[in-house]
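The values are calculated or read from the model by the stated rules, or taken from the named source; none is laboratory data. Owing to the predicted nature of the structure, the values given are computational and were not obtained by experimental measurement. Every residue, glycine as well, gets a Cβ built from its backbone with ideal geometry; the counts of neighbours run over all protein chains shown. Just so you know, the surface numbers come from the protein's heavy atoms only, side chains and all, with ligands and any DNA or RNA stripped out. Shrake-Rupley method; radii C 1.70, N 1.55, O 1.52, S 1.80 Å.
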Amino acid sequence: MHKIITSVILLFICSTLSFSQENSSLNPCISEFENDQIMKEVQENVKRLNLDQLGSTKRARPSFSWPLRAIDSWKDASYYCISANVDQNTTTGQIQDWNCGTNTYDGHHGTDISIWPFNFYKLDNDIVEVVAAAPGTIVAKHDGEFDKNCNATNPNANYVVIMHTDKSVAVYFHMKKNSITLKDVGATVVVGEKLGIVGSSGSSSGPHLHFEVKTDFSNSTSYIDPFYGTCNKLTDASWWINQKPYKETGVVRASVHTTDIVFPTCPGTEVINESHVYSNPFQGAGLSPGYAKFYMFLRDEVTNLNADLKILNPDKSVFTTWTYTSASDSKNKTMGYSKKLPTVDGKYTFVVTYNNTTSSYDFTVGDGNTPTTGIYESLNEHEFLVYPNPSRGNFTIELNDNDQQSIELTDDLGNTIGTYNLHEGKNVITEKLEAGIYFIQQKNTNFIQKLIIE
Ligand SMILES: [Zn+2]
């Protein structure tokens, strides 16, 4: 039995943090004044570029792809949640979203997609890109504004407006400073083309994209809701190629950490403290000897639904397992558990399953050189030295003999990073490598040494 020492429960609401001034009818993402200014800019540009002269044939409306994309190296199952839909109820003081729910705020004319978890970490590191949901022409853009607002009363956002062939427009709002596409107004974009990075510029209480669609560039109040449902009165069908469900209940991320994640107040950047590697024995800051933190991040959780959490041994048998039961519906939930690490060296996996979705995270206990299963069987630590290991940048490879040798560095998928010649059995190598596990192999031999980059 492995005792749970502490179970830290952290709850974060997708849309905003409660201490800040949130978007509301008084502080919308785009004020009426800003909307008028932006649409005036659009109309002037359309006229200047003669885009309004492109024939009178009625074109089909666009079909949208998702307007956000995480960069390839971000491996979580997902990275966002919808914090506010379009408000379908035009009566002041009353709200309704397209699915007849209340995931909106009074007078909201767009879809707010928040990035989660680690929204400021993702902003700082350019993790989530805003991409064109449909092809079209850039008809307005603006950059250079501060992008870490925590307060929905700040004006001046970084944005791009794209006009489609049917003369509808999509407004991409709140982006990161100096991230806006360098293409000029008048240039065309293809679907999926990067327009910028998700930020918190303008009237915004945290990093999110405000995606707003208007059916007619010349009518600044012709907004619609691209999601179609029973309570959407603004259009008769979905504008998405594949409309996402109203709730996307599942596990977004499972991960293992050397100590608690630090979630500072807005706009502080989260300190994630994650690691794929644990010494044996391990001592985490503020944790009992031998313990690490196991986190899961659930989206759109549903009351009474169980999450199954497991640590799997190198041979995939179960090392330990526990269960979490959702006590209430929530947009998202962060849970962190202190759990005792295995004490036998090897490569383990932390797996979380929730609502038929699964996220997993591999981690190594010890130096990984103890023969267990799989790739470690071929490791032989005595043929040459790699130090320091773990490393953050420079590392040295040293052979026991003085022969000139060629050494190959690969990542944990077997992709070659580089080939190096050792001079008099030694080479100091400076590579800027992403955190992770790498392997160094002496050419034409079975000698492999593991390298950990922290
Ligand atoms: Zn918004």
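Listed values, structure above:
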| read-out | value |
| --- | --- |
| Sites Thr102 and Ile417 - FRET efficiency at Förster radius 41 Å, r taken between beta-carbons, to 0.05 | 0.20 |
| Environment charge at Val302 (Cβ cut-off 9 Å; Lys +1, Arg +1, Asp -1, Glu -1) | -2 |
| Hz values of 3J(HN,Hα) by residue in segment 194-199 - Karplus curve (6.51, -1.76, 1.60), Gly and Pro given as x | 5, 9, x, 10, 4, x |
| Karplus 3J(HN,Hα) series, Hz, for segment 82-92 with 6.51 cos²θ - 1.76 cosθ + 1.60 (x for Gly, Pro) | 8, 8, 7, 8, 5, 7, 7, 9, 7, 6, 4 |
| Local electrostatic count, Thr181, Cβ distance below 11 Å [Lys/Arg +1, Asp/Glu -1] | -1 |
| FRET efficiency, 1/(1 + (r/R0)^6) with R0 45 Å, evaluated for Ile272 and Arg48 via beta carbons | 0.45 |
| Phe64 long-range amide H proximity, modeled H, under 5 Å | Trp240, Ile241 |
| Highest to lowest packing among 321-327, 98-104, 219-225, scored as the average C-beta count within 10 Å | 98-104, 219-225, 321-327 |
| Under-5 Å amide H pairs with Ala140, H placed in peptide plane, nonlocal only | Val161 |
| Under-26-angstrom lysine pairs by C-alpha in segment 248-365, whenever the two are 8 or more apart or on separate chains | 17 |
| Local electrostatic count at Val271 - Lys and Arg +1, Asp and Glu -1, tallied over other residues with Cβ under 12 Å | -4 |
| Partner lysines for Lys75 [C-alpha distance under 17 Å; skip if fewer than 8 residues away on the same chain] | Lys122 |
| Placed amide H near Ser83: partners under 5 Å, 5+ positions off or other chain | Asp112, Ile113, Ser114 |
| Rh (Kirkwood; distinct C-alpha pairs) - the chain, Å | 24.5 Å |
| Residues of the chain: accessible area per residue with a 1.4 Å probe, Å² | 45 Å² |
| Helix-derived mean residue ellipticity, 222 nm - over the chain, DSSP H n ≥ 4, -39500 (n - 2.57), to 500 | -1500 deg cm²/dmol |
| Residues in segment 311-347 reached by a label modelled at Gln283 [backbone nitrogen below 17 Å; 7 Å Cα→Cβ] | 341 |
| Contour minus Cα-Cα distance for Asn178 and Ala435 (0.36 nm per residue) | 89.9 nm |
| Separation between Cα centres of segment 330-349 and segment 140-201, rounded to whole Å | 38 Å |
